[in-house]
1. If I ask for residues that are among the hydrophobic types (A, V, I, L, M, F, W, C), surrounded by fewer than 16 Cβ atoms within 10 Å (Cβ to Cβ) and more than 30 Å from A100 (Cα to Cα), which ones from region 164-181 would you list?
2. Being of a type in the set (A, V, I, L, M), open to solvent by less than 70 Å² (accessible area, probe 1.4 Å) and either farther than 26 Å from A249 by Cβ or at pLDDT below 85 (or both) is the filter here, so list the residues in region 182-214 that pass it.
3. Can you confirm whether S219 is closer than 15 Å to G146 by Cβ, open to solvent by less than 80 Å² (accessible area, probe 1.4 Å), part of a helix (DSSP H, G or I) and of a type in the set (S, T, N, Q)?
4. Is one or more of the residues making up region 164-173 in a loop (DSSP other than H, G, I, E, B), closer than 29 Å to E141 by Cβ and touching a strand residue (DSSP E or B) at 6+ places or on another chain (Cβ under 7 Å)?
5. From the list L23, L37, L47, which residue is free of Cβ contacts under 8 Å to residues at least 40 places away in the same chain, out of contact with any helix residue (DSSP H, G or I) (no Cβ under 7 Å at 6 or more places or on another chain) and not small (G, A, S)?
6. Sort out which residues of region 227-281 are in contact with a Phe, Trp or Tyr (Cβ under 9 Å, 6 or more places away or on another chain), of a type in the set (G, A, S) and open to solvent by 20 Å² or more (accessible area, probe 1.4 Å), and write them in order of number.
7. Report every pair of residues separated by at least 6 positions or lying on different chains whose Cβ atoms are under 7 Å apart, first residue within region 74-89 and of a type in the set (S, T, Y), second not in a loop (DSSP other than H, G, I, E, B).
8. For region 240-262, how many residues are closer than 13 Å to L145 by Cα and acidic (D, E)?
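The values are calculated or read from the model by the stated rules, or taken from the named source; none is laboratory data. Keep in mind it's a predicted model, so treat the numbers as computed, not measured. Here the Cβ positions follow ideal geometry from the backbone for every residue, glycine too, while neighbour counts run over all protein chains shown. Accessible surface is based on the protein model in full, side chains and every heavy atom, while ligands, DNA and RNA are left aside. Shrake-Rupley method; radii C 1.70, N 1.55, O 1.52, S 1.80 Å.
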Amino acid sequence: MRKPVSVAPKKKPARSFEDSPFLAVMKETHQHEDVRLPLIKKLEDILSAKVVSYFTSFGNKDAQIDNRDAEMLESMLSSEPTDKKIVLFLSSPGGQGMAAERIVNIFRAYSKNRFEVMVPHMAKSAATMICFGSSLIHMSETAELGPVDPQVPYWSKDEDEEPDWISAEEYVRSYDKLVKAASDGKAKRLEPFIQQLARYDARFIEKLRSAQKLAEDISIRLLKSSMMKAKTPVEIRKCIDVFLTQTRAISHGRMINHQEAVDCGLSIKLVDLHSPLWHTM
């Protein structure tokens with residue numbers, strides 16, 4: 001009778017680090033290009049466009065739209081020319097209005113005015129201005145634009161502490177109210193008004209008025225040269241009042257959703273929350 005032959009089990013080949021779950025998780029959390037590039041390519045196929053992804057941090061106040069971003073984006077676009085339309089995949093709390101204007105000019109030039117914006121989450125303040133310069137804004141029911149009225153730092157007590165950010169319009173309005181109350185002849189005593197007005201710098205007030213005019217002028221010019229070509233500047237100003245006027249939105253962080261944007265006359269393409277496009281976004 002033959003003795004049973006014992007066969008040693010075959011050893012499974014050791015999993016390489018490249019295939020490890022740990023590395024996959026690290027790539028996800030650090031937004032590695034291996035994760036992002038296939039998704040961007042899928043978006044390009046769905047949209048038949050060149051897709052550029054541009055995010056700035058909502059958690060870091062120093063990370064905002066500025067002129068360095070405009071230079072970086074032009075450097076990238078000049079190295080990857082395309083005959084297709086360009087869709088900017090944009091998520092940002094905002095930044096500098098003039099930088100937004102430059103970014104729009106760059107994308108229009110490299111796309112031959114076939115420039116669209118896709119908002120996966122929020123495009124606020126100066127990022128909304130970038131949207132104004134596009135020919136079409138892709139938004140879902142949960143995506144947001146926001147007011148573009150300028151914000152200024154305000155230190156209530158200690159200048160070494162982090163400032164509060166308030167609306168320039170709100171600051172100027174409080175100054176104008178005090179001046180009016182002090183000069184209308186109804187006040188029995190001027191001392192309380194003089195004491196309060198001493199906290200304001202008239203030169204700074206004028207700077208804020210200029211900032212308000214600049215934000216309005218950039219917004220109207222961008223819209224006049226894109227999705228609101230048929231309207232006059234006065235008509236555009238009336239259409240986008242909710243974006244420009246602090247008393248309408250009340251808070252700079254207030255959501256302006258797709259329907260409100262449509263009501264303002266913006267060109268919006270609604271992205272279905274159950275579509276392959278949205279899942280890829």
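1. V179, A181
2. Of everything in region 182-214, those that are of a type in the set (A, V, I, L, M), open to solvent by less than 70 Å² (accessible area, probe 1.4 Å) and either farther than 26 Å from A249 by Cβ or at pLDDT below 85 (or both) turn out to be A182, A187, L197, A202.
3. On the way: closer than 15 Å to G146 by Cβ: yes; open to solvent by less than 80 Å² (accessible area, probe 1.4 Å): yes; part of a helix (DSSP H, G or I): yes; of a type in the set (S, T, N, Q): yes.
The answer is yes for S219.
4. Of the residues in region 164-173, the ones in a loop (DSSP other than H, G, I, E, B) are none.
The answer is no, given that none of the residues of region 164-173 is in a loop (DSSP other than H, G, I, E, B), closer than 29 Å to E141 by Cβ and touching a strand residue (DSSP E or B) at 6+ places or on another chain (Cβ under 7 Å).
5. Details: L23 fails: out of contact with any helix residue (DSSP H, G or I) (no Cβ under 7 Å at 6 or more places or on another chain); L47 fails: free of Cβ contacts under 8 Å to residues at least 40 places away in the same chain.
Sole residue among the options that is free of Cβ contacts under 8 Å to residues at least 40 places away in the same chain, out of contact with any helix residue (DSSP H, G or I) (no Cβ under 7 Å at 6 or more places or on another chain) and not small (G, A, S): L37.
6. none
7. T82/K50
8. Count: 1.
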